[in-house]
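All of the numbers you see were taken from the coordinates with simple rules; none came from a lab. In this text, all values refer to a predicted model and were calculated from it rather than measured experimentally. Note: ideal-geometry Cβ built from the backbone for every residue, glycine included; neighbour counts use all protein chains shown.
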Amino acid sequence: MKENQLMNLIHQLKTNTKLTYNEQVIAEYILKNLDAVLEMSIYTLAQNTHTSTSAVVRLCKRCGTSGFREFKVGLSRDYAQGLNSLSEIDANMPFLPVDDPLMVSQKIAQLTKETITETQGLLSLKQLQRVTELLLNAKQIYGIGVSSNYIRLTDFQLKVLRIQHYVRLINLQAEQFYLAANSASEDAALMISASGKTAEIVNDAKHFRRNNTPIIAITADAESPLAIYATEVLQIPRKETSQHKVSDFSSQLAIEYVLNTLYACLFNHDFEHNFQILKTTPVSHF
C-alpha cells in the first residue's frame, strides 16, 4: 500500500460512492467516532454498527489497506495530519456540527493562538509604556465594562490587588455612570468594548472626558466613539464580524491577553518588590 493512500482514508470514507449499504454504515460510524474507533477492536466495531467483521475487512480493503489493523494505522495518521494542518479558523463559526470533541478542541486551540498572535502584533513598546505609567500614576483606577468584559475586569482587579494596586468596579453595570461622573483628572479609566459602540460605555466615556480623566480603551475599532474619547487605544483584532456567531471566543481571548499584559507590565515595573509582597490565598489548617 502506498503512503498517499494511507493519508487519504478519511477522504475516501467521505467520498466513495461504491460502498455497499453495510460498508456505508461502517464508514459513517467511523467518521462520527474517529477517536473511539482508533481504540476499538474489529469485533467491537462490527458489533456497534450491527454488521460483521467480514464487512469491516471489505471496507478496509476497498480503501486500499490489507485489513483492519493497517486501516487503523492509516486512519490515525490521516486524523493527526488533519488536526495539524487546519486552515485559519473562522472566529464566528470556529467549529462545525460534524466535528468530534477532539477536533473542536484543536480548532479552539488554533483560534486562541491566532488571536493572541494578532493581538500582540497590534501592541507597541511606547504605547505599553505610556499606558503603564498612566495606571501607575493614577490616584484611582476605574474599570468600565459590561457583560463578559466586566468579568474580565474582575479578574484583572484581583490580579493587581495582590500587588497593591486597586481597580474600582461596580457590579451593577448601569451604576458605573457614577464612577465616571465622580472621576478626576488624576485618575484613570480602563474601558472595554470590542465594538467601541456600547451605549453605556460610550456615555461613561463622555463623562470621563468631561472630567479630563485619562481613558485607556480596549476595542477592536480604532475609529469608534469610544476610541475617539480615549487617551490611549489598545486595539484588538476584529475577527468576529457576524451577529450570528457561536460565541465571542476571539474577542474575549484578546481582551484577557491585553489585561494580562497590563498586569505583567505593572508587576515588572517593580518586580522584586511585587514578588516579595505577592500573597497567596490563606489556607486554613485543621
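A few notes on this one:
- Sum of side-chain charges, F95 neighbourhood, beta-carbon under 13 Å (Lys, Arg +1; Asp, Glu -1): -1
- Once you divide the Cα radius of gyration of the chain by 2.2 N^0.38 Å, the number left is 1.41.
- Within the chain, helix-based [θ] at 222 nm, where runs of 4 or more DSSP H residues each add -39,500 (n - 2.57), nearest 500: -16500 deg cm²/dmol
- Here the 3J(HN,Hα) profile of the range 192-206, calculated from phi with Karplus coefficients 6.51, -1.76 and 1.60 at θ = phi - 60°, is 10, 7, 4, 7, x, 10, 4, 4, 4, 5, 5, 4, 5, 4, 4 Hz, Gly and Pro shown as x.
- Distant-in-sequence amide H partners of L190 (H built 1.01 Å from N, under 5 Å): Y142, G143, I144, I216
- Legend: ranking of residues L128, L158 from fewest to most surrounding C-beta atoms inside 10 Å; resulting order L158, L128.
- In terms of distances greater than 25 angstrom between alpha carbons, the cross-link table entries K32/K72; K32/K61; K113/K139; K32/K113; K206/K239 yield K113/K139; K32/K113; K206/K239.
- Placing +1 on the Cβ of every Lys and Arg and -1 on the Cβ of every Asp and Glu, with nothing else charged, gives the chain a dipole about its Cα centre of roughly 520 debye.
- The mean of 1/r over all pairs of different alpha-carbon atoms in the range 3-84, once inverted, gives a Kirkwood hydrodynamic radius of 12.3 Å.
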